[in-house]
Every structure is written in structure tokens, then in C-alpha cells.
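The values are calculated or read from the model by the stated rules, or taken from the named source; none is laboratory data. These figures come from a predicted structure and were not determined experimentally. Neighbour counts run over all protein chains shown; Cβ positions are idealised from the backbone, glycine included. Surface areas here come from the heavy atoms of the whole protein model, side chains and all, with no ligands, DNA or RNA. Shrake-Rupley method; radii C 1.70, N 1.55, O 1.52, S 1.80 Å.
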Amino acid sequence: MKNLVTASLLVFATASALSPLYSQSSPTSPTIDHPEAYLRAAYYNENDDILSRDGKALASSKGASLETRAWYAQSVAREPEGFALLDAMQTEKPDDPWTLVVHAYATGDAAFSATLCEQAFAKSTSPDIAVLCARAVSSQVTDKSAAPQLREFFEHNKARYEASPDTLTAEASALYRSSFFGDKAATDDASALLDRALASDPHNVRAILFKANLLSRKKQYKEELALLEGAKSWAGVSGTWHSMWYGALDKTEELKKPERQKEVEQDAHALLDKGEPGTTLLVAEHDLLEAGDKKAATDLQNAIVQKFPNTPAAAEAELQRATAKLNADASIEKATPAARAELEKTVLSVLQRYGASDRMVEIRCASALTQIYEQDRPTAAQLLAAAKATSWRMGDNFATPLMLRGEHSDELAQLAQQRINEMLRLATNRSKGWHYESAADDMRSYWSQLGTWYGILGAAQLNEAKLKDAGENLQSAETMLQQQAGKEEPTTFLDYSPELLAEFGRYYTETGDYPKADQYLARSLSAEYYGKDEHPSIAAYKALYLKQHNGSNQGLEAYMAKAYEIDRQHRKAQVLKSRLPQPKPAEPFAKLALLGTKQTVSLDDLKNKYVVINFWGTWCGPCKGEMPEVQKFYDKYKDDPKVVFLTVDEGDTADQVSKFLADKKYTLPVLMQTEYTRKADVNAFPTTWFIDPNGRIDYEKIGSSQRLVEEFTWRLESMMQPN
């Protein structure tokens, strides 16, 4: 938690009021009466909370300038609200540099984004345009192919980005992003640019914060803290600075000192006096709790609820307060059933009051409910209540398991129809913005979500024997879900939904189309299912067999065995097909420390062995979910002299990993070296490499798998077989 609290809460930021702001780039303290300067200062001070709340109001006010709208639109450029702002700006002045830079954010293509920025540069010499364009182009870098385009963009505009500390900092932050996509020199280059920016302007807030971020990534926590505290007297207006400072105190364990706890407590209450709290105060609460000063954290939570009731911040404080009551480490997993039931009551209450109006509150609540239900199997009534309390965005997580149980079908059908109607109304309002290039992925996800609700409605109607209505809605679901899950991914959304595929099979069983029922059930069985109950296709397969054989179960066992074997052969073929056509050399490493020993390991030590390396972290839900299977796979091959199995942890301390392994009784070998994952270009977790005796990666499995032992074995043994 220590390394992730700050980052996660920065992502899930709520509103904050830390005005008036002061920007080193501006000689005055701009107020909200001067919107362009006010939002500009918020941007340069990394005050995302200000941009989120006040920016929205200022950008939507009558007569708002293009610049005012641009400072806000860049923060929501690839969301429906951003598309709407861009539509209006293009209607007014399509060739204005502020319009062009917002369009550069909205496009999903790095090259086109760069072209739009070049057009903006031709019309404006403002360093602000250059700063925004750096982030605009870098935000389109989502794979290795786009990273060189980013380099080319900065090389072509070298003079423009050498112009000021702000532009140097903008280039540095953009290059840092490309380090996640194969540009191995980007981090060092970014650090050098930041050093130059700070040499010219030691009070540049953004340069300080990005430099601190780089130090944190290298686990240079003491250096990070020193850098941040050196800016305390003048950077304190930045919400991001406060959040990073709290996090740095936590990571260096300075926060365990009573005097440091008191310092953070006083700082947080001082911020609270300035207005509605946001990210900064939420980070302070978490860090005070983790440091052991529960009373200080509770007092801060109570103050937020009392001073700012009916706000997203109050909702967050209520959730934190309720979670803290679970047990010593506020763990849902280790709490008693009674404590989890009390937390569930609070979460549902918060959802009913805030969920529909604040997306981040809903995400937090839905996540808490999911963790509760992983420990205590929910009743159908609990699932229905959770589905009703959450919006169309999150409600299917609870409506789908309820659908499989076949209970409360009438109420579930009503809820699904309500969600469908809401989404169709919203689609009408959003559709204008969907013509932008980046909207393709957004549109696919939206229609797949709508398709899921149509499927839930059809399944609920099927439970009530309304075959005609069920067939129509299931057909609508299939139409929407039979689109590619990604631009370059052949798999459809439906292939990721074993629950709905099973419902299609059930429908065709009821209507007597047995071949079609068998076809859908085979697809369902092959799809990954992450529920704890039996795979939904199994009951549907049995129902199909009984229907075909007039209720007789004679031969059912052989029928199911055949279905399992067909599925197994299909999965095996898909797994073996994923072998890299050209094995790639694994990034070499030397002297990585093996946790719990004095031993170090290098890739050279593993020559002439078959090596499997799993990259993971205790903060990664899918990693932890597959860990029991990973342990089984390790146990299967640990005594094989030809095979070496290792794991590489990302983002944890040795103490955190040791505690996790001890609690779960895992004996996996763990290498502690975060920096290696960056050098090796590992950006998704879990990721597993299968390396041949020549040090080349033959298979690269990205993501988790529930049938891990079987599928990992297929990969490994295919490598070990002679050609």
C-alpha cells in the first residue's frame, strides 16, 4: 500500500479548493475572476482538483474563451465532455491554435496529433501551446511503434522545447511516458532535461514533481523526500505536491515518527480550512492510518464529513472511516463476517447517496462490495441491491451473477430495461463526439456495455419463459458484443463473456435448436470464467443433454467428458499458436537478489535451462488471483534439473512481499528488482516469460489465467520437445 496510495488517489481525484493559486510562470496570484490565468496556474501547479471542479464551471460559462475551454478540455479530451467542448470550439474557430491543441489530445493517433500540433505552432509562438502539445502527443503513445514518433516530434521542434524551463519539463514528462513503451533511454533523458529546467528555474513546480516521480521510480525515496521538502515553502499551493510529500514521508517511514504525524495532521487541517477537500486530504488520511495514528485520521475524516457534507470527499471519508473499523490493518479479507456486513451497509448507503453523481465514489464502493462478496457468498437479494445501487457502468458486475442464479428475474428484467433506456438516452447525447478518432475504443466499450445489459434482460426474460422477448433481446446483445474487443484484436467482446454465451445456449435449447445450443455452449466452456461457482456452461450442457434425451441422464457422463476434451484440445491449439514466430532475446540481468537469501541470480546462470519468469506485485489483483496456480506450477517443476522457475516483484518492499508469502504459505522464489521490469519493457502485470536454453523468449503470456498449470505446462513442454 505504501508505494501505491498516493498514485491511486491521484488518479481517483475529487474536487479541491486551494485558491488563490500562485504560479512561478505568472507574476501575480490569479483568481477565478481571470479564468485563463486561473486555470493556467492550476495546470502549471499540478492542481488537477482545481481543473476538475472550477475548470468545468468556467469552461461551460457563457462567453468562455477558447483558451479557458482548452485548459479544461485537455483534462477530459477523450471523454464525452471533452468531445462536446471540442465540437463547439471547432464550430467557432476550427483553425485556432487552442482548438487544434484540444483536437491533438482527442485523436487516438500519435502522428496525427503531432500534425495538429505543428499546425498550432504555425499560428502561435506561445510556450503554453508547446507545453500542452507535449502532453497531447505523448498521450497517444500506447505501443512501441509510436515511441519513435514522439522522439521525432521533439527533434523537429527542438528550438521550441529548448525555450524555457516549462517547455523542457513538458518534453521530459512526455519522454518519460515513452519509457513504458520500449524507449529505454527515455528515463535518463527525461531526468537530464529536468535537471536543466531546475538549474534555470529552481522554483518550477512541475519540474520538481516530475523529478521526484523519477526518484521514486528508482526507489530513491530519501532523495525524493529531500527534493520535495526543499520546495515546501513555495510549492505548498500544489495539491499534487502535498500528495507526493505525504507519500514520500510514508515510503521513507518518516511518518512513523510522532513529530512527522503531527506535521502532516496540522498541514491537512490547514488545507481543510481553505475549502472542499480533494486528493491531498484523502492521501493524508490514508498515510496517517498506515503510520498508526488512527485517532488523527479519524478526526480528519470526521472534520471532512461535518464541514463538507453531501460531497464526494465526505463519501470518501465515510468509506475510509468504515473500512478502518474492520480490524488492525483495515483488511476486508481478514475481517469477521459481522464486520464485513456492517461495511456492506455503509457502502450501499454511500452508493445510494453519491454513486450516480460521482464516478470515482462508485468505483471505490463497487470495489469494496466485490471484495466483500469474494469472502462471503452474497445472497440473491444482496446482489440485486448492489446492482440497483450502482449505475450502468458498474451494475452488471452484480447483475450478471444474479442472472446466473435465476432469482428475482422480474426485478432484474426491470432494472436491465431501466439501464438500457438510460444508456440509449446518453448515446443520443454523446453521439456527436464519437466521430473523433479516439472515440473508436470508447464507442466499442460503450456498445459492449449496452450489449451486456441487453443480454441480462434477455436472460431474465428467459427465466420467466418469455421466449419471444428473450430471443429479441439476446439477439440485440449478440449484435453489439460481436465486435472486436480492440482495434488489432480478433477476439470479440462475446468471447470474454462465458455467462452470456451460456444463456444463448440455454435459449436455443429451449427453442429446440440443439446444434446451435451446442455451438454456443462450446464457446462458453472455452471462455475464461472468473466466478467461484461452477462454470455456467456446465449446467446448460446438462440441460441440453436431458432435453435431447427426453430427461434421461444415461450417457451424460460420457457426453460431458467429450465436451471437456474438445474444449481442452481447442485451448491447447490456441496456446501453442501463440508461440512467437521469431523468439526474442530476453533482457539480460545480473545479480538480482533472491528474497530471503544471500543468493543472487543472473540470466547467464540460467543458460542451458528452460526458464519461466513470472512478473507480479502484491498490489496487482489478477497477479494475486492466479498465485495459487503459480505455486502449483512451481511445485510441479521445482525438482526438474532442466527447469528454473522465478518470479520478479514490481513495486513492493521486501517486507511487504515476505509478509504476503508467509500469510499465504507460498514458497515461490522471488527476485526483488523493480528497475529490471522497466529495462525489460514489462508494462502489464502479470506477465510470464518462457525462455529457451539460449536465453530467448519463446512465449510471452500477458495477463492471468485460471487454468494456469495446464496451459503453462503446454507452453513449457512444447519448448522441451525436439523439433
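Ignoring any ligand, DNA or RNA, what whole percent of the accessible area of region 348-429 comes from carbon and sulfur when the probe is 1.4 angstrom?
46
Solvent-accessible area of Asp329, probe 1.4 Å, all protein chains present, reported in Å² to the nearest ten, please.
Roll a 1.4 Å probe over it and Asp329 shows about 80 Å².
Round to a whole angstrom and tell me the spacing of the C-alpha centers of region 576-631 and region 104-131.
41
I'd like the accessible area for Lys636, computed on protein heavy atoms only with a 1.4 Å probe and all protein chains in place. Round to 10 Å², please.
110
Among the Cys residues of the chain, which have no other cysteine Cβ under 4.7 angstrom away?
If one checks each Cβ against the other cysteines of the chain, Cys365 turn up with nothing under 4.7 Å.
Keeping the other protein chains in place, figure out the carbon and sulfur percent of the accessible area of region 68-141, with a 1.4 Å probe. Intermediate results must be reported in sequence, preceding the final value.
On the way: 1220 of 2330 Å².
Carbon and sulfur: 52 percent of the exposed surface of region 68-141.
Gain in length, Ser578 to Asn421, computed as 0.36 nm per residue apart minus the alpha-carbon separation, to one decimal in nm?
Gain on stretching Ser578 to Asn421: 52.5 nm.
Compute the acute angle (0 to 90°) between the alpha-carbon long axis of helix 110-123 and the principal axis of greatest extent of the alpha-carbon atoms of the chain; round to the nearest 10°.
20
Would you calculate the separation in nanometres between label points at Lys607 and Asp663, each defined as 7 Å from the Cα along the Cα-to-beta-carbon direction?
Placing both labels 7 Å beyond Cα along the Cβ direction yields 4.2 nm.
Pop out the ³J(HN,Hα) list for region 337-343 in order, Karplus 6.51 cos²θ - 1.76 cosθ + 1.60 with θ = phi - 60°, rounded to Hz; leave Gly and Pro as x.
x, 5, 5, 5, 5, 5, 5
What list of ³J(HN,Hα) values in whole Hz, one per residue of region 286-294 in order, does the Karplus curve 6.51 cos²θ - 1.76 cosθ + 1.60 (θ = phi - 60°) give from phi, with Gly and Pro shown as x?
Per-residue couplings from phi come out as 4, 5, 5, 4, 5, 6, x, 8, 5 Hz.
With all protein chains present, how much of the accessible area of region 487-580 (probe radius 1.4 Å) comes from carbon and sulfur, to the nearest whole percent? Working shown, then result.
Numbers: 2670 of 5240 Å².
Exposed carbon and sulfur together represent 51 percent of the surface.
Choose one of Gln569, Leu58, Ile702: the residue whose Cα lies farthest towards the positive end of the charge dipole of the chain (beta-carbon charges +1 Lys, Arg; -1 Asp, Glu; about the Cα centre).
Of the candidates, Gln569 comes out farthest on the positive side.
Using a 1.4 Å probe and ignoring any ligands, DNA or RNA, find the accessible area of Leu369 and quote it in Å² to the nearest 10.
Spelled out: Leu369, probe radius 1.4 Å, area about 0 Å².
Can you tell me the Rg and Dmax of region 146-261, counting just the alpha carbons, in angstroms?
Over region 146-261's Cα set, Rg and Dmax evaluate to 15.3, 52 Å.
Can you give me the long-range amide H partners of Val644? Hydrogens built in the peptide plane at 1.01 Å from N, cutoff under 5 Å, separation of 5 or more residues or another chain.
Tyr610, Val611, Val612
May I ask for the longest run of the chain untouched by chymotrypsin sites (Phe, Trp or Tyr not before Pro) that are loop-located per DSSP and have at most 16 neighbouring C-beta atoms (other than their own) within 10 Å?
13-529
Distance cut-off 21 Å, Cα to Cα: go down the list Lys211/Lys251; Lys577/Lys701; Lys295/Lys624; Lys211/Lys262; Lys222/Lys665 and report the pairs above it.
Cα-Cα > 21 Å for Lys295/Lys624; Lys211/Lys262; Lys222/Lys665; rest within.
7 Å from Cα along Cα→Cβ at both Ser61 and Ala684: what's the point-to-point distance in nm?
Those two pseudo-labels are separated by 4.5 nm.
Positive end of the dipole of region 302-447, charges at C-beta (+1 Lys, Arg; -1 Asp, Glu), about the Cα centre: which of Ala313, Gln375, Phe398 has its Cα farthest in that direction?
Most positive-ward Cα: Ala313.
Over what distance in Å are the Cα centres of region 695-723 and region 186-201 separated?
That distance is 42 Å.
Give me the angle, in degrees from 0 to 90, between the Cα long axis of helix 147-156 and the longest principal axis of the Cα atoms of the chain, rounded to the nearest 10.
With rounding to tens, the tilt is 20 degrees.
At 1.4 Å probe size, with every protein chain present, just tell me what the per residue accessible area of region 209-345 comes to in Å².
Counting only protein heavy atoms, the per-residue value for region 209-345 is 40 Å².
What translational diffusion coefficient, in µm²/s and rounded to a whole number, does the Stokes-Einstein relation yield for the chain at 10 °C and a viscosity of 1.306 mPa s, taking the hydrodynamic radius as the Kirkwood radius over Cα pairs?
57
What is the distance, in nm, between label points placed 7 Å from the Cα along the Cα-to-Cβ direction at Ser552 and at His269?
8.1
Report, by chain and number, residues whose modeled amide H sits under 5 Å from the one on Arg696, excluding near sequence neighbours (fewer than 5 apart, same chain).
Ala586
Could you tell me how many degrees, from 0 to 90 and to the nearest 10, lie between the Cα long axis of helix 514-526 and the main elongation axis, the longest principal axis, of the Cα atoms of the chain?
Between helix and principal axis, roughly 50 degrees.
What does the C-alpha gyration tensor say about the overall shape of region 450-512? Classify as rounded when a/c is under 1.5, otherwise prolate if a/b is larger than b/c, or oblate.
Values: a/c = 2.70, a/b = 2.11, b/c = 1.28.
It comes out prolate by the Cα gyration axes.
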